[in-house]
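Before any comments, here is the structure.
We did not get these values from a lab; they are worked out from the coordinates using the rules stated. As the structure is a computational prediction, the values presented were derived from the model and not from experiment. Quick reminder, even Gly has a Cβ in these numbers, built from the backbone with ideal geometry, and neighbours come from all protein chains shown.
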């Protein structure tokens, strides 16, 4: 980035960021609550919502990456500590990677277990008996808590910047306030 880099993200990038946040949190909540449901039509409905959220997340991420290629963005935030700055970049890339892995492991699981006709085609009322033994499901289940941990680290780092370093970092990922002229 040059010294002419913007001080905040483009509004489209801000929108994609917060849309991703909402979708990932919703998919995580549905996934967690779905895990406790018995293998019946209620679980199939929850699984349908979870799968739709996953597909939307993947679409949003792909469009977000395309926008990222073309839109200017601010330089990486600095804490003044080389290790923390490196860790911040690493967590950002890990967040992207894990969200992509979650969507791909979920798609892989649905293809391996032929879930699409069961969930969306009405060809069954329960999950296949072997649904719980697939490697993709295990991978999906391992990534979820790691992703949740990284999200917590990301939020903590943003709050550290905002309230400890007082560098107003959060304004970079929000919409610019419009200047209002006073009426005289």
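Dimensions of the range 11-173 based on its C-alpha atoms, expressed as ranges along the principal axes with the largest first, amount to 56, 28, 22 Å. Among 119, 151, 63, the largest mean-square fluctuation in a Gaussian network model of the chain, built with springs joining Cα atoms closer than 10 Å, belongs to 63.
Taking the mean number of other Cβ atoms within 10 Å as a proxy for protection, how do you rank 68-78, 15-25 from highest to lowest?
Numbers: 68-78: 12.5, 15-25: 16.0.
Going from most to least packed, we get 15-25, 68-78.
Over all distinct Cα-Cα pairs of the range 1-52, the Kirkwood formula returns a hydrodynamic radius of 13.4 Å.
Would you look at the GNM of the chain, springs on alpha carbons closer than 10 Å, and say which of 99, 82, 62 moves the most? Greatest mean-square fluctuation among the candidates belongs to 82.
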